[in-house]
Amino acid sequence: MKPRHILFLPIITLLAACGSLAPGGPAPEAPVSQNWKSVTGDIAWINAEISADARQQWQSGEWWRLFGDAALDDLMPQVAVGNQNLAQMVANVAEAEALLRQAESARWPVLGVNFSTGRSGKPAVGSAAASVSASWSPDLWGDLADAVRAQKANVEASQADLAAAQLSAQGSFAQGYFTVREADAELALLDDIIKGYLDAEKMTQNRYDAGIAAHTDLLQAQSTLASAHASREQLAASRAVTEHALALLLGQPPASFSLPPADWSPVVPPIPAALPSDLLLRRPDIASSERAVAAANANIGVARGAYFPSIGLTGSAGRTASRLSELLSAPARVWSLGLSLAETLFDGGARGSQLDLAWARHAAATASYRQTALTAIGQVEDNLTQLAAQARQIEQTRIAAEAAEGAACA
């Protein structure tokens, strides 16, 4: 073995020791409930068995198709295309991916080529040179790998944020759509009521003109009719505002979007009892928080790596000649090979503060992750409670309606 090759044995040995300085151990646990407080056996639509097609729609993310509304099915895909908030989140994902490629590039050698030619002196003497250079900073301590891991987690967190924003936009659109359809049903009912009030007002006017009804009866009929008209105007304005919000969710100006009135047959899709737990595990906001913890953990390894020396390898090879035409055949060859070692001896506590900062951010990310999980659990419990109460309210309203109908027919 040549002597100069022996110099690189320690380097090869060090390269084999590449690893990670990030803390090991399992990821922080989220306080997930094993059961749901609000799910009981008497809520049939929660514990119902669902078909294979319905389960596929739940799992594929096209949950809105379970409502069986053709207009909603046509409009919902446009949310992902036109919504500008989602477009911003897509750009954020692209930015995170670019930063990941940048972090990965730091682990590779840098190659360069140089070419020069010129003349100098009296008499003039020509010169030409061409060389190839390479430099590399090997990842001895794994800090570059930790930086890649951190940025990869950031990419995954950005993707989860995009999924959360898309789900939020879809949920807002569905809620607004059903609000409009509810308003349509209420407006149709008010129109029938107003028609009845108008007939009653005309009848009372005729009775008053005939002298068989008091003036107060006429004023009361007119007041009732006017109040019904006012309620209709308020409801129509509320519908219009909700329609404007739907247009914005689609990325359109309100003037270019219109949702014509339509008959509405509300359908409550059946939900299996285990679905709330499945959805909780798939919530993108929880996934984003968990990835933030992973990124913070990797950044601790990056901060630790600053305590260790950095090594750089450089090399170049080329030719020189007096003329450009002689460059390829010139016997004069130049080459260089270098090894550099750098270590900070005193920095006034800068590296220690960076490490403390990394640990603090890891603790904050962990707390945020656990709080996000707790918030999600609370939201699921709140919605299950409200849905259960509404199911009981519907049943009691049905009983009251049947009793009232029976009394009217008696």
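Structure summary
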{"item": "Evaluation of residue 189 against (1) of a type outside the set (S, T, N, Q); (2) more than 30 Å from residue 83 (Cβ to Cβ); (3) not in a helix (DSSP H, G or I) (one fails), failing number", "result": "(3)"}
{"item": "Members of the range 160-189 that are surrounded by 20 or more Cβ atoms within 10 Å (Cβ to Cβ) and among the polar types (S, T, N, Q)", "result": "170"}
{"item": "Filter pass, residue 179 being touching a helix residue (DSSP H, G or I) at 6+ places or on another chain (Cβ under 8 Å), without any contact (Cβ under 8 Å) to a residue 24 or more places away in the chain and in a helix (DSSP H, G or I)", "result": "no"}
{"item": "The one condition in (1) at pLDDT 85 or above; (2) more than 40 Å from the chain's Cα centre (by Cα); (3) in a helix (DSSP H, G or I) that residue 346 fails to fulfil", "result": "(3)"}
{"item": "Pair list, Cβ < 9 Å and 6+ apart or interchain, from the range 382-410 residues that are modelled with pLDDT under 80 to residues that are among the aliphatic types (A, V, I, L, M) and surrounded by fewer than 10 Cβ atoms within 10 Å (Cβ to Cβ)", "result": "391/44"}
{"item": "Contacts under 8 angstrom Cβ, first residue in the range 357-373 being under 18 Å from residue 280 (Cα atoms) and touching a residue at least 12 places away in the same chain (Cβ under 8 Å), partner charged (D, E, K, R) and part of a helix (DSSP H, G or I), 6 or more apart", "result": "369/290; 372/285"}
{"item": "Filter pass, residue 198 being assigned to a helix (DSSP H, G or I) and either touching a Ser or Thr at 6+ places or on another chain (Cβ under 9 Å) or surrounded by 19 or more Cβ atoms within 10 Å (Cβ to Cβ) (or both)", "result": "no"}
{"item": "For residue 336: the one exception among (1) at pLDDT below 85; (2) touching a helix residue (DSSP H, G or I) at 6+ places or on another chain (Cβ under 7 Å); (3) outside any helix (DSSP H, G or I)", "result": "(2)"}
{"item": "Selected residue [within 30 Å of residue 29 (Cβ to Cβ), of a type in the set (Val, Ile, Thr) and at pLDDT 90 or above] from 271, 300", "result": "300"}
{"item": "Only one of 162, 144, 140 that is in contact with a strand residue (DSSP E or B) (Cβ under 8 Å, 6 or more places away or on another chain) and either more than 16 Å from residue 242 (Cα to Cα) or of a type in the set (A, V, I, L, M, F, W, C) (or both)", "result": "140"}
{"item": "Condition met for residue 84 (polar (S, T, N, Q) and surrounded by 13 or more Cβ atoms within 10 Å (Cβ to Cβ))", "result": "no"}
{"item": "Of residues in the range 46-77 being at pLDDT 75 or above, in contact with a Phe, Trp or Tyr (Cβ under 9 Å, 6 or more places away or on another chain) and in a helix (DSSP H, G or I), the one nearest to residue 390 (Cα to Cα)", "result": "67"}
{"item": "Residue pairs meeting the criteria (Cβ under 8 Å; at least 6 apart or on separate chains; first closer than 22 Å to residue 82 by Cα, in the range 225-251; second of a type in the set (A, V, I, L, M) and outside any helix (DSSP H, G or I))", "result": "243/259; 246/259"}
{"item": "Test: residue in the range 88-96 that is assigned to a helix (DSSP H, G or I), under 30 Å from residue 154 (Cα atoms), of a type in the set (D, E, K, R) and at pLDDT 75 or above", "result": "yes"}
{"item": "In the range 245-255, the residues that are part of a helix (DSSP H, G or I) and surrounded by 15 or more Cβ atoms within 10 Å (Cβ to Cβ)", "result": "245, 246, 247, 248, 249"}
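For every residue, the table says whether it meets (1) part of a helix (DSSP H, G or I); (2) in contact (Cβ under 8 Å) with a residue 24 or more places away in the chain.
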position: 129; (1), (2): no, yes
position: 135; (1), (2): no, yes
position: 138; (1), (2): no, yes
position: 146; (1), (2): yes, yes
position: 153; (1), (2): yes, yes
position: 161; (1), (2): yes, yes
position: 164; (1), (2): yes, yes
position: 168; (1), (2): yes, no
position: 173; (1), (2): yes, yes
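The values are calculated or read from the model by the stated rules, or taken from the named source; none is laboratory data. Treat the numbers as computed from the prediction; the structure is a model and nothing was measured. Cβ: placed from backbone, ideal geometry, glycine included. Neighbour counts: every protein chain shown.
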